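The values are calculated or read from the model by the stated rules, or taken from the named source; none is laboratory data. Every value quoted in this text rests on a predicted model; they were computed, and no experiment measured them. All Cβ positions, even for glycine, are placed from backbone atoms using ideal geometry, and neighbour counts span all protein chains on display.
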Amino acid sequence: DAGVTQSPTHLIKTRGQQVTLRCSPKSGHDTVSWYQQALGQGPQFIFQYYEEEERQRGNFPDRFSGHQFPNYSSELNVNALLLGDSALYLCASSLFSYEQYFGPGTRLTVT
Amino acid sequence: AQTVTQSQPEMSVQEAETVTLSCTYDTSESDYYLFWYKQPPSRQMILVIRQEAYKQQNATENRFSVNFQKAAKSFSLKISDSQLGDAAMYFCAYAKSGGSNYKLTFGKGTLLTVNP
């Protein structure tokens, strides 16, 4: 049973560019949440997708957007990258439950 | 807004000893969940233990147990018989209960070192 997978593992982008991160949820899960974890900090909630719609959103600007596909996989898009967007981006999946399963994350570096 | 505070940036423990990690939280809700997550150097976040706020009994999972003090809004994690594999970043997290859209609010974490 595959757990949560994320791609790519690492990514280096330049300020002003756009990036897309991908997440496949644990088998059977239908809800995907995205978190940003800056160096030395705890993860911060970006948004959550369920039934292909954004259900909740944290305190992140509109430059952060997402999408969920019919197979429950999800993408996180960040436009106009800033140096401060450098972080580990975590995806978590769940099914009608508080128990969220996390992926290994994508390390984004903005130069 | 809910907040989670972990006042110990780093802790260390000798192998086979016991260590307690502290966490306090602030919420106006009466029904919620509290969690401890472990993030080893490989980065994948793993759920260690959870506590439902409506339960008075403290949760226990093998060598891991919590001390949940609802009135004090305190939620500490005790690791008994520490092992080298317990070395990791530990995060305390909160989720409001109700519905199915659980959003986790995390503390800043405590880095646990286990010395042989």
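Scanning for something buried (at least 17 other Cβ atoms within 10 Å of the Cβ) and not in a strand (DSSP E or B), does segment A:32-51 turn up at least one residue? Within segment A:32-51, one or more residues are buried (at least 17 other Cβ atoms within 10 Å of the Cβ) and not in a strand (DSSP E or B). Every residue in segment B:1-53 that is more than 10 Å from every other protein chain (Cβ to nearest Cβ), outside any strand (DSSP E or B) and at pLDDT below 95, please. Matches in segment B:1-53: B:Q2, B:T27, B:S28, B:E29, B:S30, B:D31, B:P40, B:P41, B:A53.
Residues that are in contact with a Phe, Trp or Tyr (Cβ under 6 Å, 6 or more places away or on another chain), in a strand (DSSP E or B) and within 7 Å of chain B (Cβ to nearest Cβ) within segment A:79-109 comprise just one, A:L90. If B:S30 satisfies every condition in (1) touching a residue at least 12 places away in the same chain (Cβ under 8 Å); (2) surrounded by 12 or more Cβ atoms within 10 Å (Cβ to Cβ); (3) among the polar types (S, T, N, Q) but one, which is the exception? All conditions are met except number (2).
With respect to A:T106, is the statement that it is hydroxyl-bearing (S, T, Y) and either exposed (fewer than 13 other Cβ atoms within 10 Å of the Cβ) or at pLDDT below 95 (or both) true?
Spelling it out, it is not the case that A:T106 is hydroxyl-bearing (S, T, Y) and either exposed (fewer than 13 other Cβ atoms within 10 Å of the Cβ) or at pLDDT below 95 (or both).
On the basis of being away from chain A (no Cβ under 13 Å), crowded, with 16+ Cβ neighbours inside 10 Å and among the hydrophobic types (A, V, I, L, M, F, W, C), does B:V114 make the cut? When the stated conditions are applied, B:V114 passes them.
Does segment B:68-111 hold any residues that are surrounded by 20 or more Cβ atoms within 10 Å (Cβ to Cβ), more than 10 Å from every other protein chain (Cβ to nearest Cβ) and over 12 Å from the mean Cα position of the chain (by Cα), and which are they? Within segment B:68-111, B:S82, B:D86, B:A88 meet the criteria.
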